[in-house]
Structure formats: structure tokens, C-alpha cells
Amino acid sequence: MNDSVREIKGKLLSDLNKRMAETCRCTLKETAKQAVPGDGNPDADILFIGEAPGKNEDLQGVPFVGAAGKFLGEMLASIDLSREDIYITNVVKYRPPDNRDPSPEEVADCAEWLREQLALIDPKVIVTLGRHALNRFFPDAKISEVHGRAFRREIPGLGIRVFYVLYHPAAALYNGGMRDTLKQDFKKIPKIIEKILKND
């Protein structure tokens, strides 16, 4: 990895997140303690997108710091990665009250923030965690039918991108069958990256 590229991207990403935190129109700002822009390597090959921050994330300003984050860390370790190797963010950058699902309007209000993050980080694969992240890019897809699969899609302003679909770690934590499925799907990630690198 080129440290200078990572340093430059890190500065640009920090500036982007500060600017978007000031200008984002999302009404969740009124009830959330702070924005939770994202965390990790600004020059990552793999970018994970979840749904929205929860209580712990809202308090700390960092995504995936609760039980689901711990589970995600364990799965990353299973493919010899850590949070320092990847970037992780959410479709919505502010916690919805009582951890309810984000509304379509809230997702739309945070969409430009996410698009600019994707453009700057420029990951080789975008991993969607859960149905909200999936439906942000594939509105008609059902996660039960497409988890563990990779897709190429052209995104306006971002070009052709590779997406990989996973269940959300929070949903899988207390569901044994889904947990096992998520672990198996997760282990396919290195092969997907390898295939993309071969085709580059």
C-alpha cells in the first residue's frame, strides 16, 4: 500500500466528512448526538456499508462498535483482515430514534455523502450489510435470495462497481442459521477480490 496515497486520501476524507456534517439536510441531525461518517482505511480495497448508527455508535461517533461490530471483527480476522484494512460506513450517517429503520427520505438526504465517500475511497468491492444497504443500490433485490453473490452495476457518478451482498451482523448475531450463512458468505470475499485483481 502506498502510504502517501493513504495519507492524502485520509485528509480529503476527513475534510469531506466535516463538510458533509455541516451541510447534510438529514432531519436525524435533530435527535442524534453526532454524525457517524465512517471508520478505517481511506484507501481500502473493501468498503462495507451498513444501515445506520445505533446507540453506541451515536455516543462514540464510530460505526460498528457494539456486539455487531465485535462479530464483524471476528469475521474479518477469519479472512486475515482487520478494521484497519477496510473502510466501514452506513447508508444513513445519524442514529434514527430508538434504532428504528431509516426512512426513504433520510436515506436520500445522506445519499450524496455516501456517493462522495465511495468516489474518494474508490474500493474494488462494496460489501452491503443487510437489506437497507442492499436496497440502496438494488431496490428490488431480496437479501434472502441474493446474499453471498457479487454483482456489477453502473452507479451514476461512480462508474461500474462490484457489490457483494451479506446479511447484517446484527441480524445474524442471535439467529444461528443466519450466523453460519453469514460466516460462509464472508469467507468468499478474498476470492472475489482475487478475481477482480486478475481482471484489472
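Checked against the criterion of being within 14 Å of L120 (Cα to Cα) and either crowded, with 20+ Cβ neighbours inside 10 Å or among the charged types (D, E, K, R) (or both), the stretch 22-38 has at least one qualifying residue. Right, R161: closer than 25 Å to T23 by Cβ and touching a Phe, Trp or Tyr at 6+ places or on another chain (Cβ under 9 Å) or not? Answer is yes for this residue.
Scanning the stretch 66-83 for residues being part of a loop (DSSP other than H, G, I, E, B) and of a type in the set (K, R) gives a total of 1. Among the residues of the stretch 55-67, those that are modelled with pLDDT of 95 or more and either small (G, A, S) or under 17 Å from A133 (Cβ atoms) (or both) comprise E57, G61, P63, F64.
Quick grid of which residues meet (1) out of contact with any His (no Cβ under 9 Å at 6 or more places or on another chain); (2) closer than 20 Å to A170 by Cβ; (3) in a strand (DSSP E or B):
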position	(1), (2), (3)
V5	yes, no, no
K9	yes, no, no
E22	yes, no, no
R25	yes, no, no
L28	yes, yes, no
A32	yes, yes, no
P37	yes, yes, no
A52	no, yes, no
F64	yes, yes, no
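Across the stretch 139-174, the qualifying residues are those that are surrounded by 17 or more Cβ atoms within 10 Å (Cβ to Cβ) and assigned to a loop (DSSP other than H, G, I, E, B), and the one among them that is farthest from the chain's Cα centre (by Cα) is A141. Taken together, A77, A108 contain a single residue that is without any contact (Cβ under 8 Å) to a residue 24 or more places away in the chain and closer than 27 Å to V5 by Cα, which is A77.
The values are calculated or read from the model by the stated rules, or taken from the named source; none is laboratory data. Computed from a prediction, not measured in an experiment: that's the story for all the values here. In this analysis, Cβ positions are derived from the backbone assuming ideal geometry, glycine residues included, and neighbour counts consider all displayed protein chains.
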